[in-house]
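The structure appears right after this line, and notes come after that.
None of the figures in this text is laboratory data; all of them are computed from the coordinates on show. Please read all numbers here as calculations on a predicted model, not as lab measurements. Every residue, glycine among them, receives a Cβ derived from its backbone with ideal geometry; neighbour counts consider all protein chains shown.
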């Protein structure tokens, strides 16, 4: 398809000049461009196909970027990026040096707020609306929330705050609920188009406000009128809960019908106070394969749109997520106390099979990480053994619950931390860079860092059989490809293992270096050690740290190197340094890990190399620090 009209759109100002018929043609071209673009780069597809008309309508009606659009769950913003001057850069999506898959303030003035974790948009838009009032600026603030984000408590906290007075009057803001989990039939759609126009119009708003002012002096009549309005609207719209928060509810309307969207948004743009528009869209809209299977087309890799997704000719290596999913089923079969919990990440966390086999013990709590953790704590109080499957980056959202509700009470909750370390294309917002640092400082918490697939299964078993809280961190994707034993065996608790010894004696060719590897970086550490003739320990545990192994290696070597795929400050290397310092041991220690920056999106292998955490990088760092020094490095450093 030619994108003749789309190619004339360089900013939303061009969208605002189009006629209604031209806008409809733009939607056709934009949807096709999204499909063709994502098929070549990979990325989020279903959600973006569903927001084409909504994006066009918002930029047509509102004066962006002066008016603020805050997109929640940022993976629905590809149409927004394309219409805001980034069409020609879509070929670089999620690639190193290319544009992000999420809104970023430093990427475009149209990205008013960075949103990659969900349910933040209403809070941010409310802050912008209040700021506009304080600064005396006439601008609109719109939060577009959806894709399950309304299941989070934070969204309702923001609505609770936004629906009532700020310095004398409620803030002027619009919340657009992009509801893509339900369909809308033609009769209902026609009825609600009429209703939405009526309820969003000035006549309705003025009549309602006038009636309130007249009837408030007659409380019985006012209450009767209020109840009649609520019940009349409640017969055709599910808006009562939003009205109770203080928002004027309009909808639901068809989010693919520009003839409905545009006049409704125009009406609501001019209304004062908090407004709520319920828009119904369809994931994968316009691409039949994605409409039929929005889950698999949620975040596909490269594919041929004419063919769709096809299975690879050779089966890929098993991923750590799949290892966890199989372990969860096996352990559930062995121990009926196990309960699996996920905050809206059933597929991403590998729990599809568990839900099928153990539906009564499976709990998807929605995008509600705080609730997930405290819910698990309640289960543990009653003698059950909850396993919370959660991405490392999302557990950050429940840190107080982790400490207050689980760790202080020393409850046996297992946290299966997927996506630990760098995650590649999703970038800094989704990288699990901080879990080692924020977990190891918590009393009662154990932190396990398996090196490969088989050890991951063993680590999960070990954590599950403890009587206190434990976390097992593992990366996205596959590992070394080790054979996975089916038995549910444990690792020696708190103990690492020596995987490689130094072959030469002291004084023969330089310092004797011992590399302490935490997690999957064991394998590049082994490759580097082969070049350097260094010792390598697979530490397995950050907490409790195997101090006996650390002290033994410090006694028999000239230098220690720690390697981890996590932040250096407060990480595993810091734990080793602390243990050595407490023992009065001054052996030189080189700590290798993620730098004190937010690592950008890109190919995971390339990112690790840029951070110096591949085999070559580890080797070069050791040579730079210790290679030119004589064998008695310790004496030289201490002198």
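Summary of computed values
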item: Contact order normalised by residue count of the range 319-421, Cα under 8 Å, 6+ apart, percent; result: 28
item: Gap separating the Cα centres of the range 8-50 and the range 409-436, nearest whole Å; result: 34
item: Pairwise label distance in nanometres, residue 24 with residue 578, each label 7 Å out on the Cα-Cβ vector; result: 6.5
item: Residue exposure sequence - 472, 61 - by fewest surrounding Cβ within 10 Å; result: 61, 472
item: Part-to-part distance (alpha-carbon centres) for the range 239-286 and the range 90-120, which is given in Å; result: 25
item: Sorted peptide list for 91-100, 385-394, criterion being average Cβ within 10 angstrom, highest first; result: 385-394, 91-100
item: Percentage relative contact order, the chain, counting C-alpha pairs under 8 Å, at least six apart; result: 11
item: In nm, spacing of pseudo-spin labels at residue 603 and residue 96 (7 Å Cα→C-beta vector); result: 0.7
item: Normalised contact order of the range 497-638, rounded percent, pairs of Cα under 8 Å and 6 or more residues apart; result: 29
item: Three-way shape call for the range 15-129 based on the alpha-carbon gyration tensor, with the a/c threshold at 1.5; result: oblate
item: Theoretical gain in end-to-end length, residue 586 to residue 381 [0.36 nm per residue, Cα-Cα removed]; result: 69.4 nm
item: Packing rank of 435-442, 310-317, where each peptide gets the mean count of other beta carbons within 10 Å, highest leading; result: 435-442, 310-317
item: Calculated FRET efficiency for the pair residue 291/residue 330, C-beta based, R₀ 45 Å, to 0.05; result: 0.80
item: Whether the range 320-473 is rounded, prolate or oblate, judged on the alpha carbon gyration tensor where a/c under 1.5 counts as rounded; result: rounded
item: 297, 523, 474 arranged by Cβ crowding within 10 Å, fewest neighbours leading; result: 523, 297, 474
item: Residue exposure sequence - 108, 586 - by fewest surrounding Cβ within 10 Å; result: 586, 108
item: Calculated [θ] (222 nm, deg cm²/dmol) that DSSP helices of n ≥ 4 give over the chain, each run adding -39,500 (n - 2.57); result: -11000 deg cm²/dmol
item: Taking only Cα atoms of the range 497-638, radius of gyration then Dmax in Å; result: 14.3, 44
item: Net length gained if the chain between residue 1 and residue 266 were fully extended (0.36 nm per residue, minus Cα distance); result: 92.3 nm
item: Of (1) 1.03; (2) 1.62; (3) 1.09, the label for Cα Rg over 2.2 N^0.38 Å derived from the coordinates; result: (3)
